[in-house]
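The block underneath contains the structure these notes are about, expressed in structure tokens.
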Amino acid sequence: EDGLAHVEAGIVGRDLVRILEKRGYTMGHEPDSIEFSTLGGWVATKASGMKRSKYGNIEDIVVSVRFVSPDGVLWKGADDEQTAAGRVSEGMDVPGLAMGSEGCLGIITSAVIRLSPLPEVKKYDSVIFPRFEDGLQFMRSLSRQKYKIPACVRLLDNAHFRLGEALRPDHSSWLQKVKGALTHCMASYVLPDFFQPETAVCATICYEGSDAEVKEQMQNIQKLAKRHDGMVLGPKVGKAGYDLTYMIAYLRDFAMTYHILGESFETFAPWSKIVSLIAATKERLIMEHSKRLLPGVPFIGCRITQLYHEGACLYFYLCMSFEGVNRASEVFAELEHAARQEILKQGGSLSHHHGLGKLRSSFAHERSSPGFQRALGSIKEAIDKDNVFGARNGLYAMASNHC
């Protein structure tokens, strides 16, 4: 009745989805890692999901948190849990302390989350654009229409869009669906000359909501696509592109058997800096790869995922051949570190939703004031003076007597 659920934090995402669906609800949080990640992990890393545009990030979904530290249980409201969870003005809150703590302050034991009824309609769609700049303007225009944004909209750059051609599957797959949809589209409409394989990009879309809501969003997508020289390809390509997200982790592991090492990294960037940031980051990676005399040509792709009024999340993929390369993991880490340096230089963030951990902790002290860092150190000292939770993530990674 209140649209809330109190859930133990150790539950795995796929199990939480299944339990809520049986009761006719969803929390709407759908990260790529939902098969393995937990509710507590989402809170601790300040996560974001693919359907953020409709349901929000994890900080928008979580109402309250119970957090166990060496100094005791941290909670607000009422110990008997009879007080309704909701928006209050009672000073600083526990979720603000737990979000992004990354295991350094305590254990998140449970959370009260917002629920939404399962959508009446769920549909997929896709739009092809002649150039990345056209697709980017489409995404920016869409971001300014708050109540007309589909649950998930992602723009794949040309490298991503063409990745399927290199896979060449033997059996029916998402790639063949893409080819089929494109063939049908070309036969029906005859694509203009400016849709070239070397420059075309694709937006994949997922709609969720009432029938009227989805119809309105689809009509809006068609109008915006036409305005920005795009052509609607339909649901097959959209569904295939959405499903590919979950396949990538398995493709990455499979590729290692063929001496291909790959990983993703992400950032938030303002709309005004997206084009220059992507170009500079790709150029930096090509230069770093070349000067190390590494074999082959690196694959560097980028897609735009979560949309905001002021900017968007950029999701990069980097793959390199490591055949005959000594210390391949270290070399790859060096490339990613260089990419992160360039992203920060070009005005991007250290992370949008992956968190800091140890991999990005070396940059953390450059991203906040000494006063803020002392404040975090004081919180650690107050609730975990013996450093029981010595995970050493984020700003706590370099501290000698803290996490």
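In the set (1) open to solvent by less than 20 Å² (accessible area, probe 1.4 Å); (2) assigned to a loop (DSSP other than H, G, I, E, B); (3) not acidic (Asp, Glu), the condition left unmet by LYS76 is number (1). With the structure loaded, tell me whether ILE274 is in a helix (DSSP H, G or I), hydrophobic (A, V, I, L, M, F, W, C), modelled with pLDDT of 90 or more and under 21 Å from GLY135 (Cα atoms) or whether it fails that test. For ILE274, the condition - in a helix (DSSP H, G or I), hydrophobic (A, V, I, L, M, F, W, C), modelled with pLDDT of 90 or more and under 21 Å from GLY135 (Cα atoms) - is met.
The set of residues in the range 317-341 that are open to solvent by less than 20 Å² (accessible area, probe 1.4 Å) and either under 16 Å from the mean Cα position of the chain (by Cα) or among the basic types (Lys, Arg) (or both) comprises LEU318, ARG340.
For the range 27-46, enumerate the residues that are in contact with an Asp or Glu (Cβ under 9 Å, 6 or more places away or on another chain), open to solvent by less than 30 Å² (accessible area, probe 1.4 Å) and either among the β-branched types (Val, Ile, Thr) or over 18 Å from ILE205 (Cβ atoms) (or both). Hits for the range 27-46 are LEU39, GLY40, VAL43, ALA44.
Inside the range 129-172, residues that are within 17 Å of ARG303 (Cβ to Cβ), at pLDDT 95 or above, open to solvent by less than 70 Å² (accessible area, probe 1.4 Å) and over 20 Å from the mean Cα position of the chain (by Cα) make up a count of 2. Would you say ASP229 is on the phi > 0 side of the Ramachandran plot, open to solvent by 20 Å² or more (accessible area, probe 1.4 Å), in contact (Cβ under 8 Å) with a residue 60 or more places away in the chain and in contact with an Asp or Glu (Cβ under 9 Å, 6 or more places away or on another chain)? Here the answer is yes, as ASP229 does meet what is asked. Tell me which residues, restricted to the range 41-68, are polar (S, T, N, Q), in a helix (DSSP H, G or I) and over 25 Å from ALA382 (Cβ atoms). Hit for the range 41-68 is SER53, nothing else. Total residues in the range 304-342 satisfying the condition of being assigned to a helix (DSSP H, G or I) and under 20 Å from ALA47 (Cα atoms): the figure is 1.
Here GLU8 clears all of (1) within 29 Å of TYR315 (Cβ to Cβ); (2) touching a strand residue (DSSP E or B) at 6+ places or on another chain (Cβ under 8 Å); (3) open to solvent by 40 Å² or more (accessible area, probe 1.4 Å) except the condition numbered (1).
Each row is one residue, and each column tells you yes or no for (1) of a type in the set (Ser, Thr, Tyr); (2) on the phi < 0 side of the Ramachandran plot; (3) in contact with a Cys (Cβ under 6 Å, 6 or more places away or on another chain).
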site	(1), (2), (3)
VAL68	no, yes, no
CYS104	no, yes, yes
ILE107	no, yes, no
SER116	yes, yes, no
VAL127	no, yes, no
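Taking the range 196-226 as the region of interest, how many residues are small (Gly, Ala, Ser) and within 23 Å of LEU118 (Cα to Cα)? Qualifying residue count for the region: 3. Applying the condition of being aromatic (Phe, Trp, Tyr) and out of contact with any Cys (no Cβ under 9 Å at 6 or more places or on another chain) to the range 286-322 and asking which residue is nearest to LEU163 (Cα to Cα) yields PHE322. The residues listed here are LEU344, LEU314; of these, the one that is open to solvent by less than 20 Å² (accessible area, probe 1.4 Å) and under 24 Å from the mean Cα position of the chain (by Cα) is LEU314. Within the range 256-295, which residues are open to solvent by less than 30 Å² (accessible area, probe 1.4 Å), among the aliphatic types (A, V, I, L, M) and farther than 24 Å from CYS202 by Cα? Correct list: LEU261, LEU294. Going by what's in this entry, would GLU102 be described as open to solvent by 60 Å² or more (accessible area, probe 1.4 Å), at pLDDT 95 or above and not in a strand (DSSP E or B)? Taking the combined requirement at face value, the residue does not satisfy it.
The values are calculated or read from the model by the stated rules, or taken from the named source; none is laboratory data. These figures come from a predicted structure and were not determined experimentally. All Cβ positions, glycine included, derive from the backbone under ideal geometry; neighbour counts span all protein chains shown. Ligands, DNA and RNA are excluded from the accessible area calculation, which covers all protein heavy atoms including side chains. Shrake-Rupley method; radii C 1.70, N 1.55, O 1.52, S 1.80 Å.
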